[in-house]
Amino acid sequence: PRPANAWILFRSEQARFIPKGPGAPQQSEVSKMISQMWRDASTEVREEYERRADVKKQEHAEKYPDYRFQPVKKEDK
């Protein structure tokens, strides 16, 4: 698994505050709403999530020292 980046951490945290269940927005709409929140976020907020992502990246590197992202093309799946 890849380490979470700043956007993924932000989205995961913000998604908890969006209602779930009947009448709730679809995940595509949730992502659009949170994307706008990310764009509107202050530099300080974004830097905090970048810092958290760096911590996650370091933890990932310690847990999986030989990990190297190797994307697979759709036609190779």
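Over the chain, DSSP H runs of length four or greater, each weighted -39,500 (n - 2.57), average out per residue to a 222 nm ellipticity of -19000 deg cm²/dmol. Listed by chain and number, the aspartates and glutamates whose C-alpha is less than 17 Å from the C-alpha of residue 56, apart from same-chain residues fewer than 8 away, are 13, 47, 48, 66. Surface composition of the range 1-54: carbon and sulfur make up 53 percent of the accessible area, probe 1.4 Å. Helix 6-15 and the longest principal axis of the C-alpha atoms of the chain enclose an angle of approximately 40°.
Could you pull out the longest piece of the chain with no exposed loop chymotrypsin sites (Phe, Trp or Tyr not before Pro) in it, calling a site exposed if DSSP puts it outside H, G, I, E, B and it has at most 10 other Cβ atoms within 10 Å?
Details: sites that count: 17, 69.
Value returned for the longest uninterrupted segment is 18-68.
Surface analysis of the chain yields an accessible area of 84 Å² per residue, using protein heavy atoms and a 1.4 Å probe.
Give, rounded to the nearest 20 debye, the magnitude of the charge dipole that the chain has about its Cα centre when Lys and Arg contribute +1 at Cβ and Asp and Glu contribute -1 at Cβ. Intermediate results must be reported in sequence, preceding the final value.
On the way: 16 positive and 13 negative charges, 64 e Å.
Computed charge dipole of the chain: roughly 300 debye.
How far is helix 27-40 tilted off the main Cα axis of the chain, in degrees rounded to 10, range 0 to 90? That helix lies at roughly 90 degrees to the long axis. Panel values: the range 5-77, Kirkwood radius from alpha carbon pairs, Stokes-Einstein at 20 °C and 1.002 mPa s, translational diffusion coefficient 147 µm²/s. In degrees from 0 to 90, rounded to the nearest 10, what is the angle of the helix 43-63 Cα long axis to the longest principal axis of the chain? That works out to roughly 40 degrees.
The values are calculated or read from the model by the stated rules, or taken from the named source; none is laboratory data. Because the structure is a prediction, the values reported are computed rather than measured. Here the Cβ is made from the backbone with ideal geometry for all residues, glycine too, and neighbour counts use every protein chain on show. When the accessible area is computed, the model is the full protein with side chains, heavy atoms only, and any ligands, DNA or RNA have been set aside. Shrake-Rupley method; radii C 1.70, N 1.55, O 1.52, S 1.80 Å.
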